[in-house]
Amino acid sequence: MNPVEVVRGDGPLILGLPHTGTHVPDGILAKLNARGRVLADTDWHIERLYDGLVANATTVRATFHRYVVDANRGPDDASLYPGQNTTGLVPVTDFAGQPIWTEEPSAAEIAERKAQFHAPYHAALAAEIERVKAKHGVAILYDCHSIRSVIPFLFEGVLPDFNIGTNNGTTCDPRIEAAAVDICAASGRTHVLNGRFKGGWTTRHYGRPQDGVHAIQMELAQSTHLATEAPPFAYDEGKAATLRTTLASILGRLVALAPELKR
């Protein structure tokens with residue numbers, strides 16, 4: 001299976017989908033324990049949630065699961081949140097802090113996974129960013145994520161519905177950040193800017209507003225679009241329909257902003 005799927009669009013917007021993939025090669029699957037094989041930390045149905053929300057967007061989607069290697073972690077495995085619980089480039093626990101392997105991956109195995117999965121995904125994403133920027137003079141990367149709304153190992157209490165990350169305003173023009181915040185606020189849902197999730201490695205690595213590349217991460221609480229945040233992690237059409245309206249407004253506003261970002 002190809003580690004990355006790219007659908008090219010003619011517009012200035014790129015949707016990154018690093019955590020929707022569920023493919024685990026047989027040799028790796030054999031080393032996951034029963035808990036790991038549930039793949040609970042998938043960004044369930046995010047590709048479906050965003051499908052068709054805005055015309056002419058490019059999508060770059062990882063097909064492999066984050067337990068194989070996390071496409072939203074740096075290749076050096078540096079912590080995104082020093083001093084806080086998190087998971088690494090190749091997670092050894094799930095989001096509940098529980099082991100997922102019968103045999104943890106060796107350094108050699110991790111290096112192989114980086115070469116086979118992580119590197120091709122980011123090569124494709126980087127290529128699309130350059131292509132879009134060459135065409136429009138600007139590229140906007142919107143990184144699409146979701147997570148369970150209650151995970152005590154990672155954060156206290158209940159996560160807001162919308163979690164906007166711009167690494168404290170460094171990864172995009174302020175107008176992009178403001179647009180996302182304003183639309184989330186108008187929806188009447190709970191939201192936060194640069195709260196527990198400030199943007200992963202993808203947002204921080206590619207977001208260079210001074211060079212015309214703007215990146216923003218949206219982490220959605222899965223309670224906004226799933227029937228239940230437990231197996232089988234079913235998609236809820238009714239919840240999703242309401243959410244898609246807000247997400248479409250955000251993406252549409254970002255596309256409309258693109259010409260202004262060149263000035």
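Do the conditions hold for L29, that is, is it at negative phi and surrounded by 22 or more Cβ atoms within 10 Å (Cβ to Cβ)? No, not satisfied. Among the residues examined, A71 qualifies as modelled with pLDDT of 95 or more, within 16 Å of the chain's Cα centre (by Cα) and among the small types (G, A, S).
Of the candidates Q210, Q217, the single residue that is at pLDDT 95 or above and either aromatic (F, W, Y) or assigned to a helix (DSSP H, G or I) (or both) is Q210. Here F155 meets each of (1) among the hydrophobic types (A, V, I, L, M, F, W, C); (2) exposed (fewer than 15 other Cβ atoms within 10 Å of the Cβ); (3) assigned to a loop (DSSP other than H, G, I, E, B) with one exception, condition (2).
The rows are residues; the columns are (1) under 19 Å from the mean Cα position of the chain (by Cα); (2) within 16 Å of I14 (Cα to Cα); (3) buried (at least 18 other Cβ atoms within 10 Å of the Cβ).
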{"residue": "D182", "(1), (2), (3)": "no, no, no"}
{"residue": "L193", "(1), (2), (3)": "yes, no, yes"}
{"residue": "F197", "(1), (2), (3)": "yes, no, yes"}
{"residue": "H225", "(1), (2), (3)": "yes, no, yes"}
{"residue": "Y235", "(1), (2), (3)": "yes, no, no"}
{"residue": "K239", "(1), (2), (3)": "no, no, no"}
{"residue": "R253", "(1), (2), (3)": "no, yes, no"}
{"residue": "A258", "(1), (2), (3)": "no, yes, yes"}
{"residue": "K262", "(1), (2), (3)": "no, no, no"}
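For the range 228-263, the set of residues classified as without any contact (Cβ under 8 Å) to a residue 12 or more places away in the chain, in contact with a strand residue (DSSP E or B) (Cβ under 8 Å, 6 or more places away or on another chain) and either among the hydrophobic types (A, V, I, L, M, F, W, C) or in a helix (DSSP H, G or I) (or both) consists of A234 only.
When each of A123, A119 is tested for being of a type outside the set (S, T, Y) and loosely packed, with under 14 Cβ neighbours inside 10 Å, the lone residue that passes is A123. The residue that is surrounded by the fewest Cβ atoms within 10 Å (Cβ to Cβ), among those in the range 139-152 that are of a type in the set (A, V, I, L, M, F, W, C) and under 17 Å from R204 (Cα atoms), is C144.
Contact annotation: residue pairs with Cβ atoms under 7 Å, 6 or more positions apart or on different chains, pairing a residue in the range 165-193 that is touching a residue at least 24 places away in the same chain (Cβ under 8 Å) and over 17 Å from S249 (Cβ atoms) with a partner that is among the basic types (K, R) and part of a helix (DSSP H, G or I), are N167/R204; T171/R204. Does G165 satisfy being surrounded by fewer than 18 Cβ atoms within 10 Å (Cβ to Cβ) and either of a type outside the set (F, W, Y) or under 18 Å from the mean Cα position of the chain (by Cα) (or both)? Spelling it out, it is not the case that G165 is surrounded by fewer than 18 Cβ atoms within 10 Å (Cβ to Cβ) and either of a type outside the set (F, W, Y) or under 18 Å from the mean Cα position of the chain (by Cα) (or both).
The residue that is farthest from S149 (Cα to Cα), among those in the range 168-180 that are of a type outside the set (A, V, I, L, M, F, W, C) and crowded, with 18+ Cβ neighbours inside 10 Å, is D173. Scanning the range 1-57 for residues that are acidic (D, E), touching a residue at least 24 places away in the same chain (Cβ under 8 Å) and part of a loop (DSSP other than H, G, I, E, B) returns D10, D41, D43.
The values are calculated or read from the model by the stated rules, or taken from the named source; none is laboratory data. Keep in mind it's a predicted model, so treat the numbers as computed, not measured. As a convention, Cβ positions derive from the backbone with ideal geometry for all residues, glycine included, and neighbour counts pool all protein chains shown.
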